[in-house]
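So the structure is just underneath, and the comments pick up after that.
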2 protein chains.
Amino acid sequence: MPLPDLTTDLGGLTRALVDLPSESGREERLADAVEEALGALPHLTVDRLGNSVVARTDLGRPDRVLIAGHLDTVPAAGNLPSRLADGRVYGLGACDMKGGVAVALRLAATLPAPARDVTYVFYECEEVEGDRNGLHRIAAERPGLLAANLAVLMEPSDAGVEAGCQGVLTADIVVRGERAHTARSWKGVNAAHLAAPVLQRLAEHRPERVPIDGLEYREGLNAVAVRCGVAGNVVPDECVITVNARFAPSRSAEQAEAYVRGLFPEYEVHVTEVVPGALPDLEPLGDLVAALGARPRPKLGWTDVARFAALGTPALNYGPGDPSLAHTAGEYVPVEQLTECEKRLGEWLSRARRGSAAGARARAVRQGR
Amino acid sequence: MPLPDLTTDLGGLTRALVDLPSESGREERLADAVEEALGALPHLTVDRLGNSVVARTDLGRPDRVLIAGHLDTVPAAGNLPSRLADGRVYGLGACDMKGGVAVALRLAATLPAPARDVTYVFYECEEVEGDRNGLHRIAAERPGLLAANLAVLMEPSDAGVEAGCQGVLTADIVVRGERAHTARSWKGVNAAHLAAPVLQRLAEHRPERVPIDGLEYREGLNAVAVRCGVAGNVVPDECVITVNARFAPSRSAEQAEAYVRGLFPEYEVHVTEVVPGALPDLEPLGDLVAALGARPRPKLGWTDVARFAALGTPALNYGPGDPSLAHTAGEYVPVEQLTECEKRLGEWLSRARRGSAAGARARAVRQGR
């Protein structure tokens, strides 16, 4: 199913994207449609890796901007097909992040000669394990495709700038006891009972608020699962509490791990995942931030901004849709935000550079300094 | 597969029973074999209901004793086929309770004219929900088959007398919170964290020890399961703690329920099952207890003794096998205990009554008093 003309209304384009389901791992049809639509545009060079599509202008501009959006969504929750109501597009992925993808597609189609070269990346498998992530594959196989002076992740951020992102740590705290029949429970040690102090410590924990460059990164530490139980008549010998920590981007993965372990020194802690965040790093993005016209907020969730930060590319989150609606059955994106995002990004891409660090460097080079 | 000659060795008979798998609900082949073996004995009248088999002598004796054993087992745990080692029969159900069934079958076959009439009951589905229990069905459809002056449940009790049984209560304590994304956890209320005081209260609870007729019933209150978790990045909005209470037979079901609810007055408590126990009631069983030669102990688990108590029939637990091995992969029954149980029960069944309440009543009737 081909996409509608990319230059028509953004709401209709978003709906068409929603109505091409693309749960993680099943992005093929949508990737085909995106590749076909962009391939028809003479000002773009299009590459494909798996179900990720990369389209570039190559105008010899001194700056290159990367604009990225993931094609995949979480599984459907009775929220297909799309519908338009009260100026909002409802449906699976409308907010996270087919609205952002629609804006990026529209920019790609309508800006044949931007003042900055642009690399548009539409990638697969953002909602699942990091090693399946399309950006991960591109970085590994064709790193040159990701080269840019700065990157914009079109993650939902309510059409505002969300800077950096927090890191995530997941760990299992294992409390061990000893099995016994419940009719003779004193012969055992109840692991569920022993887990009480762990949960109490989590309840009493006051996460920190870490100010960085005037932004407040509010951390979090939560039990997200408790698994315990052998049988209805058995004193359980194991209770596993899975905790999810969100940590400020000023902490390294090692520091985050030490922090969580330090809270539970007497328990068995298995860290199953730890991914550092990204510092806001707005200095080299000042020109863009000003153009996007909103006071930057800190990004509290983790996004691929961290991946670009690791590659040395300053990046920010900017996209339509309320991030707190992501992954909810009722997610939607306001058409007004789609239009605003397209307008602001489009204007900035079309405008001559002024005073950015990269621009200054480029000018310095040209002036023989 | 027919059973071996019931008069041959008890260890061999137990092994044959183990090697006829009879997980709850799948007792048909074993019930067929039992029905066939007992049907061949001219001194017994045999009835069958579902996969339960009832065999009776009808000698006009003034007393009738009921000897019961369940045919079913819990699911296999890599413990089939049976094996004999160090004087023990190992294998699924060897302890709970094919050893006891073997003893009962042997008594049925080798005592054509006991001094007391005997009703042997081999029944299905003891290990599952109470309304599938074979005794439940017989009591509902042919209650006359269960009429007796006293009953012996051949549940594993280490070849000693275990009197009465404790009651069981199962309840879910539900702790509610409010969902949120873990990156903005302060927007929610973590139900797992709120569950800490429930588990702590269980940890600190000191169950009572209730003396009844010189026996100490030691109660228990345990979390047997904790279920909590929505997704790895979601603050959970519900935590369910399943508790299993064992209560002394002096408490009614209502008292047990009030007791547990009283420990958690501020929480949502859903009682999902409550089954009262059975008082030891050894007075009318004095003659039998003396014959079995062991100082009675309290039965801490729940057994069908409670069902007979509810029918007004004094009952006790007496059978080969260590009850703490029941439902374990390594369960076994010592051949020595099989032999001892057969000998003591056989001698008592063969011996003229003396001084039991029932006997005194019967004598009084005969003597015209």
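The values are calculated or read from the model by the stated rules, or taken from the named source; none is laboratory data. Quick caveat: nothing in here was measured; it's all calculated off a predicted structure. All Cβ positions, even for glycine, are placed from backbone atoms using ideal geometry, and neighbour counts span all protein chains on display. Please note that ligands, DNA and RNA were not included when accessible areas were found on the heavy atoms of the full protein model with its side chains. Shrake-Rupley method; radii C 1.70, N 1.55, O 1.52, S 1.80 Å.
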Residues (of a type outside the set (A, V, I, L, M) and either touching a residue at least 24 places away in the same chain (Cβ under 8 Å) or within 7 Å of chain A (Cβ to nearest Cβ) (or both)) located in the range B:188-199: B:Gly188, B:Asn190, B:His193
Members of the range A:178-204 found to be at pLDDT 95 or above and either open to solvent by 30 Å² or more (accessible area, probe 1.4 Å) or among the aromatic types (Phe, Trp, Tyr) (or both), listed by number: A:Val189, A:Leu194, A:Pro197, A:Gln200, A:Arg201, A:Ala203, A:Glu204
Within the range B:77-123, tally of residues that are touching a Phe, Trp or Tyr at 6+ places or on another chain (Cβ under 8 Å), over 25 Å from B:Arg61 (Cα atoms) and not in a strand (DSSP E or B): 5
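Take the range A:175-185 and flag every residue that is in contact with a Gly (Cβ under 9 Å, 6 or more places away or on another chain) and either in a strand (DSSP E or B) or within 7 Å of chain B (Cβ to nearest Cβ) (or both).
Correct list: A:Glu178, A:Ala180, A:His181, A:Thr182, A:Ala183, A:Arg184, A:Ser185.
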Residue selected from the range B:243-259 under the condition surrounded by fewer than 20 Cβ atoms within 10 Å (Cβ to Cβ) and either within 14 Å of chain A (Cβ to nearest Cβ) or of a type in the set (Asp, Glu) (or both), by the criterion nearest to B:Ala171 (Cα to Cα): B:Glu257
Breaking point among (1) open to solvent by less than 10 Å² (accessible area, probe 1.4 Å); (2) over 18 Å from the mean Cα position of the chain (by Cα); (3) more than 9 Å from chain B (Cβ to nearest Cβ), for A:Gly144: (1)
Pairs with Cβ under 9 Å, 6+ apart, first in the range B:146-159 and at positive phi, second part of a loop (DSSP other than H, G, I, E, B) and crowded, with 24+ Cβ neighbours inside 10 Å: B:Asp158/B:Gly319; B:Asp158/B:Pro320; B:Asp158/B:Gly321; B:Ala159/B:Gly319; B:Ala159/B:Pro320; B:Ala159/B:Gly321
Residue in the range A:148-164 that is more than 9 Å from every other protein chain (Cβ to nearest Cβ), open to solvent by less than 30 Å² (accessible area, probe 1.4 Å) and of a type in the set (Ser, Thr, Tyr) present: yes
Residue count for the range B:116-141, restricted to those that are open to solvent by 50 Å² or more (accessible area, probe 1.4 Å) and touching a Leu at 6+ places or on another chain (Cβ under 9 Å): 2
Residue check, B:Pro211 more than 9 Å from every other protein chain (Cβ to nearest Cβ), under 30 Å from B:Ala315 (Cβ atoms) and in a strand (DSSP E or B): yes
Residue, nearest to B:Phe308 (Cα to Cα), within the range B:262-283, restricted to residues that are exposed (fewer than 14 other Cβ atoms within 10 Å of the Cβ) and touching a residue at least 40 places away in the same chain (Cβ under 8 Å): B:Glu283
Looking only at the range B:214-242, and only at residues there that are more than 8 Å from chain A (Cβ to nearest Cβ) and charged (D, E, K, R), the one that is nearest to the chain's Cα centre (by Cα): B:Glu219
Checklist (1) buried (at least 18 other Cβ atoms within 10 Å of the Cβ); (2) without any contact (Cβ under 8 Å) to a residue 24 or more places away in the chain applied to B:Val305, failing item: (2)
Answer residue from the range B:301-329, given it is part of a loop (DSSP other than H, G, I, E, B) and hydrophobic (A, V, I, L, M, F, W, C) and is farthest from the other protein chains (Cβ to nearest Cβ) among those: B:Leu311
